[in-house]
Each structure stands twice: as structure tokens, then as C-alpha cells.
1. Test Glu321 against the criterion of being under 14 Å from the mean Cα position of the chain (by Cα), more than 30 Å from Met458 (Cβ to Cβ), in contact (Cβ under 8 Å) with a residue 12 or more places away in the chain and open to solvent by 30 Å² or more (accessible area, probe 1.4 Å), and give yes or no.
2. For residues in the stretch 1-60 being aromatic (Phe, Trp, Tyr) and not in a helix (DSSP H, G or I), which is most open to solvent (accessible area, probe 1.4 Å)?
3. Considering the stretch 258-286 alone, what residues qualify as being under 19 Å from Glu197 (Cβ atoms) and either at pLDDT below 85 or open to solvent by less than 60 Å² (accessible area, probe 1.4 Å) (or both)?
4. So which residues in the stretch 97-122 are open to solvent by 70 Å² or more (accessible area, probe 1.4 Å) and of a type in the set (A, V, I, L, M, F, W, C), if there are any at all?
5. With respect to Asp428, is the statement that it is acidic (Asp, Glu), open to solvent by less than 60 Å² (accessible area, probe 1.4 Å), out of contact with any Ser or Thr (no Cβ under 9 Å at 6 or more places or on another chain) and farther than 19 Å from Ser308 by Cα true?
6. Restricting to the stretch 438-459, give me the number of residues that are free of Cβ contacts under 8 Å to residues at least 12 places away in the same chain and either open to solvent by less than 80 Å² (accessible area, probe 1.4 Å) or of a type in the set (Val, Ile, Thr) (or both).
7. Report, by residue number, each residue of the stretch 139-181 that is under 21 Å from the mean Cα position of the chain (by Cα), farther than 19 Å from Asp290 by Cβ and among the hydroxyl-bearing types (Ser, Thr, Tyr).
8. Being assigned to a loop (DSSP other than H, G, I, E, B), open to solvent by less than 50 Å² (accessible area, probe 1.4 Å) and either free of Cβ contacts under 8 Å to residues at least 60 places away in the same chain or of a type in the set (A, V, I, L, M) (or both) is the filter here, so list the residues in the stretch 409-425 that pass it.
Amino acid sequence: MIFPEEDLTCPVCCDIFKDPILLPCSHSFCRNCLKRCWDSRLRGCPVCRKRGPKADPPSNLALRNVCEALQQVKRQNSERGDNCDLHGEKLKLFCLADKQPICVVCQSSKQHKNHNCLPTEEALVDCKDELLASLQNLEEKLKILNHIHRRSTETLTYIKSQTLETQKEIKSQFEELHQVLYQEESWRLEAVKKEEEEKVAVVTEQMQEVSAEMLSITENISSIQKQLVLDDMVLLKTFVATQDRSKDIWLNSQNTAGLLIDVAKHLSNLKYRVWENIVDHVDYTPVVLDPITAHPCLRISGDLTSLSYSKEPSCCPDNPERFHMSAEVVGMTALGSGSHHWVVETGSNSDWFLGVAALSVQRSAEVAARPENGLWTLCFRDGELRALTSPPTSLTLSKIPTQVKVQLDYNKGRVCFYDSTDDTLIYDFTEIFTEPLFPYFYTQSCHPLKIMPEKLLMTVLRQ
């Protein structure tokens, strides 16, 4: 016999009876449901309000057996996957709130009573669309993560390469300094040795003269001693000659001044004087290039003072500081105040831009070198020299400069270009700067642009 499911449903929880009990009024409830009701209100029937028994009500064994049989049937049906686990009914609806298939009995239960539902056929289409969108999103994320991982691996390799190249350049430059120091040391040790030889020669010559005088005096002493033991008349006859020989001997006054090694000359402020000489072998450039900003086709020298173009791009990371679209690079230090200048040797390079670039200049997009884009530059291309204003200004000069001085006065808002050989003004930009500027360089020529070193002047401050 099959009972309607509503006859086997607890009036409190609206679910199939679990451990049903029977009250004297003939109403049945789940034991736990009745206990919760009695714990919160008077001990009576939740349906008809009749007073309940004082003792615990008995289990409704017949009802429990029927409910367990029904649950077993539902479990068997649910194993087939199309029926509700609780009610055994066909899963024909999809709850949009809980995102799960339900049966018509579930829809009327407290759990889903006010939830919006769709037929499973319609919900299946929507769910598949959502899953496909999620799949595409995850695949895109995985693609991005793979790209990031690959870039990170390339960056690690590049960092190691940078380390080796930087250490190599440091060793090379220190080796040059070591050679200068070794040469200075050799010269100064040789100077001490040379002075020693000169002073030893002078003292040796003096000693020889003294030895000759000593021998002459010794001979005269011996002659006088012999005269003294001769006959008196003989002594008197030879007295004048003997006395004259004694008077002919003159002692040379020995001048000992300046015979010692001039230690003070060799050691006074030795480190400072060596440093003065080293300065002649040291180059100082007011601007150095920042290689992590250089386009892959630019080749930067080891001392970071020159750049040239190569058609073969280097294997460098695609880091955000780098110029990606054109062969550009900026200086290492941002300039945000004061006056600055640097001289660039263009030589036989026939394709270059020089000037300053604002901090905000786009590095992952190609932008025109114009003041409105944060670039104040001088351009030489196709044999023509132009100031890149808006529109560009053609410049007529008697000769194309081979050395260009860029002068920035940030506070006065001026960027000036000069022919460094005769200090002739080429062009003068005026602007109100609102952000830091970087020295800017561009070339598509294999001939290098080189930042020229400046002469160092040393002063000693005395208090």
C-alpha cells in the first residue's frame, strides 16, 4: 500500500517523520520536533493544542516503519540520479537561490518556499553557459599565469646575466685603478731609491776626500816624528821645509746639509697627492644611462655612457621601466630642480633625438616626441636638424654639430641646446615643468652617441 507523502510529513518540520511519536490526541510528530516545541511553549499538541501527557509519549512504530520504507524507496530512486534524495520525486526544478535541482515537494518546503525556480531544462542551458564562461575565464587566467611564470623565469636568468656583467665591469674598472695605483707606487718607490743613490754618491765622494786628507796628515805626522829624533842641527836645517809642508794642509769644511733622505717630500699628504694624480685617469660624466629602460635594440656600453642601435634585439625582460616601442633610453637620475647640463658627442651618427623626457612618458606605447607628450627634444634625421615642437621647427645652421650640449634649468623652465664646440645656441624650449625630467636619448644608427666626461676640479676646504 502506498501512502501519500503528505500523510507521512511532520506538521512541524514539513519533512518525512523521523522517529515519530504518538500523542493521545492521535497527532504524530518527530520526537525532536515535539521536544523543541515543548521546550519553547506549554506542553500540548502543536496542532490541536490539547494538553499532552506528563510522561514521554510512545513511539509510533507503525508510522516509523512506513516512513523508513518510504525513505528506502527514495534512496533507491536517488541512486538513479534523477529523483530527490528526500522525497523520491523527479528532480524537475532548479532552485536559483541555492543553485541545486529540487522536486516539486522541495519547492513547497520551508527551505525553498520563497525561492525562484526554473525548469531543469532551462536551468541546464544557463548553467552550461555559466560553466563555459568560467572555463574560458580560468583558461585565460592560466594563460596569463603561464606568461607571468615564463617572464619570471626569463627575469631570473637575466638577473644572473646582469650580475655577471656588472661584476665583470666593476673588476675591469677597478683593475684600471689598480694599475694607476701600482704605477704611482712604482714611481714613488723609484724616486726614493733615486734620491738614496744621489745622496749616497755625495756622501761617498766626501768620504773619499776626507780619506785623502787623512792620509796626507798621517804622512806629515810621521815626517815630523822622524825629524824630532834627528840631530839637532839637522832638525834646524830642515825646520822651514817641514813647517811649510804642515801649513800646506787645509781641512775642507764638510757641508752636511741636505744629505739625508727628504722623508717629508715623499710622505707628506701621500694619499691626497696620489688621489690628485688618479683624478687625471678618472672620467666623470654628469649623466649616465639607465640600461633597464633601454629598448632591446639599443646597446649600452659597460660604463653606461654611450648607446648605439642594433637590428638584433637583446634577450632582456619585458619590464615596465623599459621602452618597448622605439629605440629610446633615459638617464639614471630624475632631475626635479636646479640647473644641469651634459654634452653628447654625436659624431657620424645620422639619426638621433636628444633632450629631456617627463617621468609620465608612456614607455609601452609609441608617442610623438612633442612637448604636449612630455618630450622636449632636438632631432637630426635625413640630414635635417629640427626642434620637435608642435609642429616641428626646421633649423638652419652653418654646420651640423658633432657635439651637442643639453642644458636644463628646471626652475626657470628652459631646455637649451648648444653646439658644444663654439657654444652657439641651437634652440631654446620654454615650459613650466610640473614633474621630474630624465635625460632622453634615441637613435637608430649603429654609430654611437656618447656622453662626454667633464674635467674634475678639486678644492681643499680649510677651517
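1. Against the criterion (under 14 Å from the mean Cα position of the chain (by Cα), more than 30 Å from Met458 (Cβ to Cβ), in contact (Cβ under 8 Å) with a residue 12 or more places away in the chain and open to solvent by 30 Å² or more (accessible area, probe 1.4 Å)), Glu321 qualifies.
2. Phe3
3. Gly258, Leu259, His266
4. The answer is Val104, and nothing else.
5. Considered against the rule, which asks whether it is acidic (Asp, Glu), open to solvent by less than 60 Å² (accessible area, probe 1.4 Å), out of contact with any Ser or Thr (no Cβ under 9 Å at 6 or more places or on another chain) and farther than 19 Å from Ser308 by Cα, Asp428 comes out as yes.
6. Number satisfying all stated conditions: 1.
7. Ser152, Thr153, Thr157
8. Gly413
The values are calculated or read from the model by the stated rules, or taken from the named source; none is laboratory data. As the structure is a prediction and not an experimental result, all values here were calculated from the model. All Cβ positions, even for glycine, are placed from backbone atoms using ideal geometry, and neighbour counts span all protein chains on display. SASA here: full protein model, heavy atoms, side chains in, ligands and nucleic acids out. Shrake-Rupley method; radii C 1.70, N 1.55, O 1.52, S 1.80 Å.
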